[in-house]
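Q: Sending over a structure as structure tokens; questions will come in a sec.
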Amino acid sequence: MIPTNASSAHLIQLASNVPPEHRHILIDAALRESTREAVLECRDCPLGLSPDRIPWEGPQSDIFLLGPPGSAVQARLGRPYMHSPGTALLESTLEQVGLKRSHIAIGYALSCHPPTLQTARDVQAFESCARHVEAALSAARSWIVVLLGDVAIQAAFPESKFSVSNMRGR
């Protein structure tokens, strides 16, 4: 059983006491935990001064949902898509296509809660969080990335002028 509050260093240490054929389980858990730790310790942009962070979560999964910055409530909880109007919509949409939230990885384009939507579009923040998003995708071993909304699209494609809002009704 993997301790739920174990640091990545502790998980690596535990791996030395595990039979070689099972070490990958602890090493994968250590990789996932190290990406969470990096988000929680990041101070690379002005948003990093906020104590509220939302690291990605989920199992190793082919699918990774990358959304816009989370709400203040989600930031305090430290979990993406929890206790928000989008939570029910997300879970019902996943159910309609035969998926469960517990089977996908999910995170935000920005790991810190921005005070305003304008701040959410801050290029320096996107550049700083890009390494966290890449690490999360690697740790989750995802190869399908679903971009949820304009902010996630802007983070993935900074030069794009695409807007989900402009596509409504088409």
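Q: Would you kindly calculate the translational diffusion coefficient of segment 24-103, applying Stokes-Einstein with the Kirkwood radius from alpha carbon pairs, for 25 °C and a viscosity of 0.890 mPa s, and quote it in µm² s⁻¹ without decimals?
A: Values: Rh = 14.1 Å.
Translational D for this selection: 174 µm²/s.
Q: I've got another one for you. Summing +1 for each Lys or Arg and -1 for each Asp or Glu, what net charge is found among the other residues whose Cβ lies under 12 Å from the Cβ of residue 99?
A: Numbers: positive: 100, 101; negative: 62, 91, 95.
Around residue 99, the charge tally is -1.
Q: Name the long-range amide H neighbours of residue 109: under 5 Å, sequence gap of 5 or more, or other chain; modelled H, no Pro or chain starts.
A: 67
Q: Here is a further query. If DNA, RNA and ligands are ignored and the probe is 1.4 Å, what is the ranking of 162, 126 by accessible area, most exposed first? Numbers along the way, then the final one.
A: On the way: 162 105, 126 20 Å².
Largest accessible area first, the residues go 162, 126.
Q: Working out 0.36 nm times the residue gap between residue 34 and residue 145, then minus their Cα-Cα distance, what length gain in nm do you get to one decimal?
A: Values: separation 111, 0.36 × 111 = 39.96 nm, distance 2.08 nm.
Computed gain between residue 34 and residue 145 is 37.9 nm.
Q: Tally Lys and Arg at +1 and Asp and Glu at -1 over the other residues with C-beta under 13 Å from the C-beta of residue 66: what net charge comes out? Can you show the working numbers first?
A: Details: positive: none; negative: 57, 134, 150.
The answer is -3.
Q: Separate question: Can you tell me how much longer the chain between residue 41 and residue 157 gets when fully stretched, taken as 0.36 nm per residue apart minus their C-alpha distance, in nm with one decimal? Numbers along the way, then the final one.
A: Numbers: separation 116, 0.36 × 116 = 41.76 nm, distance 2.57 nm.
Between residue 41 and residue 157, full extension yields an extra 39.2 nm.
The values are calculated or read from the model by the stated rules, or taken from the named source; none is laboratory data. Bear in mind the structure is a predicted one, so any value in this text is a computation, not a measurement. As a convention, Cβ positions derive from the backbone with ideal geometry for all residues, glycine included, and neighbour counts pool all protein chains shown. In case anyone asks, the SASA skips ligands and DNA or RNA and just uses the protein heavy atoms, side chains included. Shrake-Rupley method; radii C 1.70, N 1.55, O 1.52, S 1.80 Å.
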